[in-house]
Amino acid sequence: MNTLEYLRNDLRRIDGRGYPAYKDLRGNCYISSDATFELHIDHVQGDPFAAPSHIRIRLAHSITAFPDWSHSSKSRRIALENYLAHIVANACRKFSSQAGSGKSGLIDIDAPCQEVIARTALLYLDEAIEVRLNLGLPARGRRIAGREAARILCDDLHQMALETLIFDQLDKDEIQSAVETNEDADALRDQLKNHKLLAFVADGSILPRRSGIDQRPLDSDSAVPFQAPSSLAVTLDTPNRGTITGLGIPEGITLIVGGGFHGKSTLLNALERGVYNHRPQDGREFVVTRPDAVKIRAEDGRSISGVDISPFINNLPHQNDTTAFSTENASGSTSQAANIIEALESGADTLLIDEDIAATNFMIRDQRMQELVEADKEPITPFVSKVRALFSDLGVSSILVMGGSGDYFPVADRVICMDHYLPEDLSTKAKQIAEKYQTSFVDECKTFGSPSRRCPHPASIDPRRGRREVSVKSRDIHQIQFGEQDIDLSALTQIVSSSQTRAIGAALVYARQESIIDGKNGLTEILDLICTKIETNLDSLSQGYRGDLAVFRRHELAAALNRLRTLKVSPL
Ligand code: ADP
Ligand code: MG
């Protein structure tokens, strides 16, 4: 290993040479004179306008000196890593400079979001903290700017590490709050199952977001803090805050009703993101949902491959087989049916459905329509007829936002009404109304049927593009370019970071290359194998040291695969 001073001399020597001379630095590692700081140059960009180079910096724990409590459990360590990544992201803005042409002088980290999830951008390792950065190696025109490079690589990055990664330089209270909040949220989520709860929303939570495109909380003067109705209030224990009281949503079937604009969707959106923890001050720190809760929506136009949607849909025109249903272009109702069956296959135990984005003919079929169109002409058994059997047969609960129809009253275990953003328990009243109008009975099915199990064909999952053996990219959070195909993920609102999207793309490639998708493994085994792998080491998904990945759930991995238009499966 060479010293930073050696690198400084090297960079001065190549000053003014053509940009490709930077390539000699690739794979090198440099160390500070006191041996506490390391710089690794993993990838060197081809020219100053290309995607920036990849480097890693490491600061040894002999000087970071983080106390044990800040990283003593997995929960705490992930919170600390996310916290430090935020600090480094701010510092990147300060240390970045326009040091020449193109991306010269850019320093960038894959910044975390409101959700606290394991990421590869910053890692608290046994010996050191490692930060993975993108760096624009400086140039004048297309010639190496060696002096600027020496300043950035040998001085600025070291300085940045010393300012952001040393415990004594940081706000101890903020760190403590980050790690304790994360640990408490995990503890709350861990208790849900024992208490037969699907979700918990702490009193005082701030659910609304600043805007449709900004996940930060709405200003505290305009946001109404959450307050559970006493009949649904539960109190849970946390390791750091004592007890916390809030709304507990029990297993079974829960309706969220209320007037338009009274906060129904906002509550459901908070629940769908409650599968992840949130950073302090987010407002949803103690909104936690079962890890296997899956948001379901209609998604017309998606492709479907060999899904047994017969629990919901039968006798389609043109004798389309619905026990292994495939289409290039699903309708609203068939897409929603497939989304549910696929979620069951990937192991969902809770379904979250919002009327705003559900197919009406899939959700309900009122009495007048039943009279007009005879049952044998209607292929759809609406969700309302199956939602109970889904729970009694398979143990899968549902939380439904339904402001426009009372048809679910007879099948609901409880009804929460949002009134001026505050929940009320209207279960009893809704039951009475259901009894009063018994004629509009729901034709309830007693059984659900067992969900399909499928085996994906490896040849149908092909990452090649042109002459490249593997070409997988994602330009934004909702899209993966997989070989020649584009996978559209815009319906998957439980992907919360583009780092997860990239990791899902990498996982699909990994599953192909490591023969996890081998034509024998069923989809559920494939999900098990990959998710066990990423739980222990996210880096194993890719070669080299990518700093732009984050952990994802099995459900979103399955959903991405299910949306690959070339996918072929056989039943298991
Ligand atoms: P609904 O689904 O009942 O029609 P939404 O959940 O879409 O209503 O909420 C309507 C509006 O009210 C949104 O702009 C949302 O940000 C805002 N809102 C939701 N909950 C709160 C709250 N607790 N305090 C303040 N504003 C809120
Ligand atoms: Mg709504």
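The values are calculated or read from the model by the stated rules, or taken from the named source; none is laboratory data. Just so it is clear, the model here is predicted, and its values are computed rather than measured. Neighbour counts are summed over all protein chains in view; Cβ atoms, including those assigned to glycine, are modelled from backbone coordinates with ideal geometry.
Kindly indicate which of R216, R210 is more than 16 Å from ligand 2 (Cβ to nearest atom) and closer than 20 Å to I117 by Cα.
On inspection, the qualifying residue turns out to be R216.
Only one of these conditions is not met by K295: (1) under 19 Å from the mean Cα position of the chain (by Cα); (2) farther than 18 Å from A359 by Cβ; (3) crowded, with 22+ Cβ neighbours inside 10 Å; (4) within 16 Å of ligand 1 (Cβ to nearest atom). Which number is it?
(2)
Could you please find all residues in region 245-271 being more than 16 Å from ligand 2 (Cβ to nearest atom), without any contact (Cβ under 8 Å) to a residue 60 or more places away in the chain and surrounded by fewer than 22 Cβ atoms within 10 Å (Cβ to Cβ)?
Residues satisfying the conditions are T245, G248.
Here is a check on your reading of the model: is L316 farther than 19 Å from S205 by Cβ, of a type outside the set (V, I, T) and at pLDDT below 95?
yes
Just wondering, is there one or more residues in region 368-386 that are closer than 25 Å to R453 by Cβ, within 16 Å of ligand 2 (Cβ to nearest atom) and touching a residue at least 60 places away in the same chain (Cβ under 8 Å)?
Scanning region 368-386, I find no residue that is closer than 25 Å to R453 by Cβ, within 16 Å of ligand 2 (Cβ to nearest atom) and touching a residue at least 60 places away in the same chain (Cβ under 8 Å), so the answer is no.
Of everything in region 318-351 that's in contact (Cβ under 8 Å) with a residue 12 or more places away in the chain and over 23 Å from T447 (Cβ atoms), which residue is nearest to ligand 2 (Cβ to nearest atom)?
Looking at the filtered set, the residue picked out is G332.
Kindly indicate which of I213, I175, I244 is of a type in the set (V, I, T) and over 30 Å from K94 (Cβ atoms).
None of the others qualify; the one that does is I244.
In region 347-364, what residues are crowded, with 23+ Cβ neighbours inside 10 Å and over 28 Å from G260 (Cα atoms)?
The answer is A348, and nothing else.
Check region 77-84 and report whether any residue there is among the hydrophobic types (A, V, I, L, M, F, W, C), out of contact with any helix residue (DSSP H, G or I) (no Cβ under 9 Å at 6 or more places or on another chain) and not in a strand (DSSP E or B).
Scanning region 77-84 turns up no residue that is among the hydrophobic types (A, V, I, L, M, F, W, C), out of contact with any helix residue (DSSP H, G or I) (no Cβ under 9 Å at 6 or more places or on another chain) and not in a strand (DSSP E or B).
Does region 133-156 contain at least one residue that is buried (at least 18 other Cβ atoms within 10 Å of the Cβ), of a type in the set (A, V, I, L, M) and within 23 Å of R76 (Cβ to Cβ)?
Looking for residues that are buried (at least 18 other Cβ atoms within 10 Å of the Cβ), of a type in the set (A, V, I, L, M) and within 23 Å of R76 (Cβ to Cβ), one finds none in region 133-156, hence no.
I'd like the residue in region 58-76 that is assigned to a helix (DSSP H, G or I) and out of contact with any strand residue (DSSP E or B) (no Cβ under 7 Å at 6 or more places or on another chain) and, out of all such residues, is surrounded by the fewest Cβ atoms within 10 Å (Cβ to Cβ).
Filtering first and then ranking leaves D68.
Out of the residues in region 95-121 that are touching a residue at least 60 places away in the same chain (Cβ under 8 Å) and outside any loop (DSSP other than H, G, I, E, B), state the one that is farthest from the chain's Cα centre (by Cα).
Top of the filtered list is F95.
Have a look at A79, A35, A89 and point out the one that is of a type in the set (G, A, S), surrounded by fewer than 19 Cβ atoms within 10 Å (Cβ to Cβ) and under 32 Å from the mean Cα position of the chain (by Cα).
A89 is the lone residue from the list that is of a type in the set (G, A, S), surrounded by fewer than 19 Cβ atoms within 10 Å (Cβ to Cβ) and under 32 Å from the mean Cα position of the chain (by Cα).
Please go through region 208-220 and give me each residue that is more than 10 Å from ligand 1 (Cβ to nearest atom) and either acidic (D, E) or touching a Ser or Thr at 6+ places or on another chain (Cβ under 8 Å) (or both), ordered by number.
Correct list: D214 only.
Among (1) assigned to a helix (DSSP H, G or I); (2) in contact with a Gly (Cβ under 9 Å, 6 or more places away or on another chain); (3) surrounded by fewer than 19 Cβ atoms within 10 Å (Cβ to Cβ), which single condition is L527 missing?
L527 satisfies all of (1) assigned to a helix (DSSP H, G or I); (2) in contact with a Gly (Cβ under 9 Å, 6 or more places away or on another chain); (3) surrounded by fewer than 19 Cβ atoms within 10 Å (Cβ to Cβ) except (3).
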